[in-house]
Amino acid sequence: MSFNIPKTTPNFSAKARKLEDQLWQASGLEKPKESALPLYKDKPYGEGFVPRTSSGRRRRNIIYGVVVGLVFWIIYTFSRSLDGNVSLKDGIKDYEFKGWKGRGKVKTNWVAEQQAVKQAFVDSWNGYHKYAWGKDIYKPQSKTGKNMGPKPLGWFIVDSLDTLMLMGLDKELADARYWVDKELDYDMDYEVNTFETTIRMLGGLLSAHYLSKEDMYLDKAVNLGNRLLGAFDTESGTPYASVNLKTRKGSKSHADGGASSTAEAATVQLELKYLAKLTGEGLYWDTAEKVMKVMEANKAEEGLVPIFINPDTGKFQGNQIRLGSRGDSYYEYLIKQYLQTEKREEIYRDMYEEAVDGIKHHLVKQSVPGDLAFIGELDRGIGGPFSTKMDHLVCFAGGMFALGATEGYTQKEVERSESWTQTRQVNLRLGVELTRTCYEMYHQTATGLSPEIVFFNDHNTLRKDFTVKPQDAHNLQRPETVESLFYLWRITRNPIYREWGWEIFQAFEKYTKVPGDAGYDSINNVESTEPSWRNNMESFWLSETLKYLYLLFDDSKEEVLPLTDIVFNTEAHPFPKFDMDPLFTTGWTRSPVQPVKKAEPVVDKVEKIPDPEKKVEKIPDPVDEGFMPAQVPADPIRG
């Protein structure tokens, strides 16, 4: 059985492709015709395929190779000298893929790998259960836990409910369910972060209700949702950063000049809309929609929003743009809002596509020497200096671009659709490229684990594609890369994403598992093979990272949580798609947007995309210009 690698997959010969080279040589593929050797390599698949030639013929081949190489060198050098931006066209060659065999043969059974992930979850859960049950913070080194407020919020237990259900851990789920039913009480005089509490706690309760159909979880969700609504009681309808769960009064951020995070304000919509659907209560729906209307009224240039917004005026504050913390999930929830309501709200698709064009135009570049696509940031807005800093949080974007391009269907399905366009092909390609980059952020470190932040090299002055500063070398067991691996596997069915996921999981297993029975821990330095523990296990290790890995290796006959039927919130809690009732409408329309001149026009339609199993005459040219990274706050809270 052979697998078709996406036609959009790049073919660079840089050092970053070393792993692929080894896999190809071990593939055991059939001998290709001499005229059909892969164009992305300057050598055949393996030495066994090299035919004997006469000295004259060999000489002609050498001369021919030198000439071709010189031509490509000239083109390559010229293309890089245009304006400092590197196009994804560089290094791309068309080829016919006849089968990828990662370990000498195609692996079709991933049950053992899935069970290994499940065991890691059980070990993590057991450590938490033994030493910090019910607490919101767990310290596996000191084997202690504590709450964030006067009473527990359920930070670990609620966040893990749906993972317990998906993994079939009935005993552990029974303990968690009992605790939620009998112990969880949100009536406390305590300020919580509006965004984090919504995506983790409200999202966790809603997904638990969806998977179990138990009203107890919905009752808890309604109680919490009503308390969170106080955060939206502002002049503009944009939520305050925090809200008191007892008084239901919102509070401005104690930092950032009182501004709210743009991503945080625009990443509560899936949860509130699903709660509205379940209860029939329009207030939740209207609250979510008003935030989006206010943000859109700012008319952000090319869809790229600053990372702060004033909750009183509803106006963006500052001009810093990035897809890392405080910016990331704004873009993620645009496409997911469109998908959540069965593609009835075109307004969010329009906003998403505008933003993606802006990202490609201003934030995407490639590294030197390995041509790794990355997303940077603009500290002073469009037209300002470009930073090559990219944090691990940005690695969600590979999956987002793939989801946005295919809307959850497989690549093979969408490429046969009349609605498939060159723009979507380019966006899928961008998702593939970014996911490879994020894999390399793991693969190129001493531990095989990604640092929190990297700085990419975009000049010919360094040998490595990225550097890591000592203060950024920690790993918090974040989920964003394995999230994108999950999406890319589901959409392309290319098994390399499972191979990469397994490699990453093994690194987690080797370097973050705590000796004894305490579970897993974050580490301080991914470049040291002697772990320096941070004494903190995040709830997203259980709710996201291990969940996405478990689903990545799932081989059930009936696909678990198909992307055509559900959307994951930004904390990996699955919600079902639903039709909008007559009670619910978008409730607002976009005012006309002035056209923005682009460096290159975006092609909207491809006449015909051939069957992915047939040779493609030409791969559509990707991305307008370059890429760039994002920034992370001092504390590890995602947002």
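List of remarks:
- For N457, nonlocal amide neighbours, meaning residues 5 or more places apart or on other chains whose placed amide H falls under 5 Å from its own, are V368, F466, T467.
- Neighbour-count ranking [beta-carbon atoms within 10 angstrom, fewest first] of M167, M537: M167, M537
- Length gained on full extension, T279 to Q506: 77.4 nm, using 0.36 nm per residue less the C-alpha separation.
- Where labels lie 7 Å past Cα in the beta-carbon direction, separation of R344 and D555 in nm: 4.0 nm
- Sorted by Cβ neighbour density within 10 Å, fewest at the top, the residues K182, K464, K365: K182, K464, K365
- Dipole magnitude of the range 186-318, debye to nearest 20 (Cβ charges: Lys/Arg +1, Asp/Glu -1, about Cα centre): 100 debye
- Spin-label pair V111-D175: with each label point 7 Å from Cα along the Cα-Cβ axis, the two points sit 2.7 nm from one another.
- Fewest-first ranking of D181, D187, using other Cβ atoms within 10 Å as the exposure measure: D187, D181
- Taking the C-alpha atoms of the range 434-592, convex hull volume expressed per residue in Å³: 200 Å³
- Model label zone, K182; criterion: amide N under 18 Å from point 7 Å along Cα-to-beta-carbon; scope the range 112-141: 129-135
- Convex hull of alpha carbon positions in the range 186-318: directionally averaged projected area 7.9 nm².
- Placing R0 at 22 angstrom, the Cβ-Cβ distance between N226 and S142 gives a FRET efficiency of 0.05 after rounding to 0.05.
- If a spin label sat at a point 7 angstrom from the Cα of D579 along the line to its beta carbon, the backbone N atoms of the range 251-294 nearer than 16 Å would be those of 277-278.
- For the range 416-456, the Cα-based Rg and Dmax, in that order, read 14.9, 46 Å.
- Point-to-point label distance, E214-D189, nm (Cα→Cβ direction, 7 Å offset): 3.2 nm
Readers should treat all values here as calculations from the given coordinates under stated rules, not as data from a laboratory. Being a predicted model, the structure only gives us computed values, none of them experimental. Note that we place each Cβ from the backbone using ideal geometry, even for glycine, and neighbour counts take in every protein chain shown.
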